[in-house]
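Here is the structure we will look at.
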Amino acid sequence: MSASATPAGVIAPAARPMTRDEKKVIFASSLGTLFEWYDFFLYGSLAMIIGAKFFGQFDENTRNIFALLAFAAGFLVRPFGALVFGRVGDMVGRKYTFLVTILIMGSSTFIVGLLPTSDQIGLSAAVILIGLRMLQGLAVGGEYGGAATYVAEHAPRGRRGFYTSWIQTTGTMGLFLSLLVILLTQSVMSAADFRAWGWRVPFLLSIILLGVSVWIRLRLSESPAFLAMKAEGTRSKAPLTEAFFQWKNAKWAILALFGLVAGQAVVWYAGQFYALFFLTSVLKVDGFTGNLLVAWSLALGTGGFILFGWLSDKIGRKPIILGGCIIAALTYFPVFKYMADTANPALSRAHEMVKVVVLADPADCSFQFNPVGTAKFTSSCDVAKGALARASVVYSQQDAPPGTAATVRIGDKLVAVRGATFAKDLADTLTAVGYPAASNSSVVKMAHPWDIFRPQPLTLVLILTFLMVLVTMVYGPIAAALVELFPTRIRYTSMSLPYHIGNGWFGGLLPATMFAMNAQNGSIYFGLWYPIVIAAATAVIGLLFIPETRNRDIFANDASVHFGDTNLAFDRNAASY
């Protein structure tokens, strides 16, 4: 498993343009991952409408919770999908496995658009919706590993980073596509019609993506590396056992998770998803402006996926991925502070000038970790901290005698938490001492998409673009890095599991974890320690234990161990028959 240079006597292929067939391989593989992100953003954007339609028998808070649970179900089952479809992909073939995954994924998305609501079929609507989300999550668990493996095994040697980096752009394209379809649908009907039935249109239109994807994938040939193994009868008969219960392979899955993917996941989620949450929920920037600022940064930064994928073929995967983790760990605190000072200067000044203290019995205070919105925090301390965190107030905690109900001291004023008018009293007191209203004139606001050529929005676009560049550094080369760590016979299985545990759990839990850390410590920045520590740990583990693989012949072991000196018509440099 050590990295190898080009073998003696073998001339590395010169860089050449992509062939027509290679472009088809990349396009077909990327469509599936684009589909994955289209549905992700679509469901997330419409979660509250979906909650009202399929969980309508419950009160508003409960149905919103169930809508988020249905969303989370897709994340939770992804690693299981990686195991199921990874095994099939290593035993049956790459092409047919990720043809099945896109059929399941696309059909599940389309059926949501046809599904009767709770008003029509009662609780069955909710059960079917959750079932569809779990099916889709299982399929997604097998989609990415299949796409990355398939493209890498077709890529010419020395260009795997560049070829697989095209798959990495699809998250951004999926975001743009989902927003575009939703906005276009809303533009041709009233808000009432969209809530009543128009929300189905974006789901139903996914059938177009599905049809194109299936048609193209049916025209693809199987991976040449898999065909070679099939011809020789050397496919793994138990990929799960071989990948995760033989230490020589399992150690690379563990190291891939902690030495590459965990850091990649938190930098990716912090730079795209949390940055938008920080703008709109913490800094109180309106949703329209926040989305436009992030959209501009995505447009400016997306080319970085291709750039860093290409560059990783020249200087290596490790310097770029681990370099992105290190830069993120060193810069997140000043960058997010600069973002706050720029986006909402009045709020930043209030943080510096107004002293807020929660006086509470420590035993009355919980760590408010609530990833799917089901937990209830009802103690006086929790109510106070939760309210202050949602209002983006910086505060400290002072211990009170046991059994004492919490109070909030703002300057020289005390606000009782147990009072019936606590929310109003808190808001009025904060305003009186200098905390700005959400609509204060210092908050950045854009009138239209081209309204960025002013100092405040332009500065924010540049800040967000910097975060996006870090995202492209860690994410652009990750597919090539993972593919190159594992032998062909268990590659699909081995790379899929660490990828989905890292991105689904380390990354997926990032927003909830950071909010809980902020609420616990009374700071809008304390939660940044979560991505910083994980990114830094990944950098250390990766530097010490992950080999550089850019020159690795990913078919060398297959040829030397399984094929001997047999004269197969298999050009390993070009990775094709």
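Accessible surface calculations at 1.4 Å, restricted to protein heavy atoms, place the range 386-428 at 55 Å² per residue.
Taking the mean number of other Cβ atoms within 10 Å as a proxy for protection, how do you rank 84-93, 467-476, 144-153 from highest to lowest?
144-153, 467-476, 84-93
Each of the peptides 191-201, 378-388, 493-503 was scored by the mean count of other Cβ atoms within 10 Å over its residues; in descending order, highest first, they stand as 493-503, 378-388, 191-201.
Shape call for the chain from the C-alpha gyration tensor, a ≥ b ≥ c root eigenvalues: rounded (a/c under 1.5), prolate (a/b greater than b/c) or oblate?
Prolate, because a/c is 1.5 or more and a/b exceeds b/c.
Residues whose amide H falls under 5 Å from that of residue 446, counting only those 5 or more places apart or on a different chain, are 289, with hydrogens built in the peptide plane.
Each residue of the range 79-84 was assigned a 3J(HN,Hα) from its phi angle through the Karplus curve 6.51 cos²θ - 1.76 cosθ + 1.60 (θ = phi - 60°); the sequence is x, 5, x, 4, 5, 5 Hz, with glycine and proline shown as x.
Across the chain, Cα pairs under 8 Å and at least six residues apart give a relative contact order of 26 percent.
Is the range 296-376 rounded, prolate or oblate when judged by the Cα gyration tensor, a ≥ b ≥ c being the square roots of its eigenvalues, rounded requiring a/c under 1.5 and prolate requiring a/b larger than b/c? Prolate. Counting only protein heavy atoms and a probe of 1.4 Å, the accessible surface of the chain is 67% carbon and sulfur. Cross-link pairs exceeding 32 Å between alpha carbons, from the set 318/376; 284/318; 424/445; 23/314; 337/376: 318/376; 284/318. Per-residue 3J(HN,Hα) values for the range 204-215, derived from phi via the Karplus relation 6.51 cos²θ - 1.76 cosθ + 1.60 with θ = phi - 60°, read 5, 5, 4, 4, 5, 4, 5, x, 5, 4, 5, 4 Hz in sequence order (x marks Gly and Pro). Among beta bridges identified by DSSP and lying wholly in the chain, the antiparallel ones come to about 70 percent. Surface calculation, 1.4 Å probe, protein heavy atoms: residue 355 sits at approximately 140 Å² accessible.
The long axis of helix 491-501 is offset from the longest Cα principal axis of the chain by roughly 0 degrees. Per residue, the accessible area of the range 275-331 comes to 34 Å², computed with a 1.4 Å probe over protein heavy atoms only. The chymotrypsin sites (Phe, Trp or Tyr not before Pro) found in the range 371-462 that occupy coil by DSSP, while having at most 12 further C-beta atoms within 10 Å, are 450, 453. By DSSP, the beta bridges lying fully in the range 325-461 are antiparallel in about 65 percent of cases. Once R0 is set to 51 Å, what does the formula 1/(1 + (r/R0)^6) return for the Cβ-Cβ distance between residue 187 and residue 254, expressed as a FRET efficiency to the nearest 0.05? Efficiency, from the Cβ-Cβ distance: 0.55. When only alpha carbons are used to place a centre, the range 120-144 and the range 255-286 end up 26 Å from one another.
From most to least packed by mean Cβ count within 10 Å, the peptides 238-249, 178-189 give 238-249, 178-189.
The values are calculated or read from the model by the stated rules, or taken from the named source; none is laboratory data. Predicted model only: the values in this text are computed from it and were never measured. In this analysis, Cβ positions are derived from the backbone assuming ideal geometry, glycine residues included, and neighbour counts consider all displayed protein chains. Accessible surface is based on the protein model in full, side chains and every heavy atom, while ligands, DNA and RNA are left aside. Shrake-Rupley method; radii C 1.70, N 1.55, O 1.52, S 1.80 Å.
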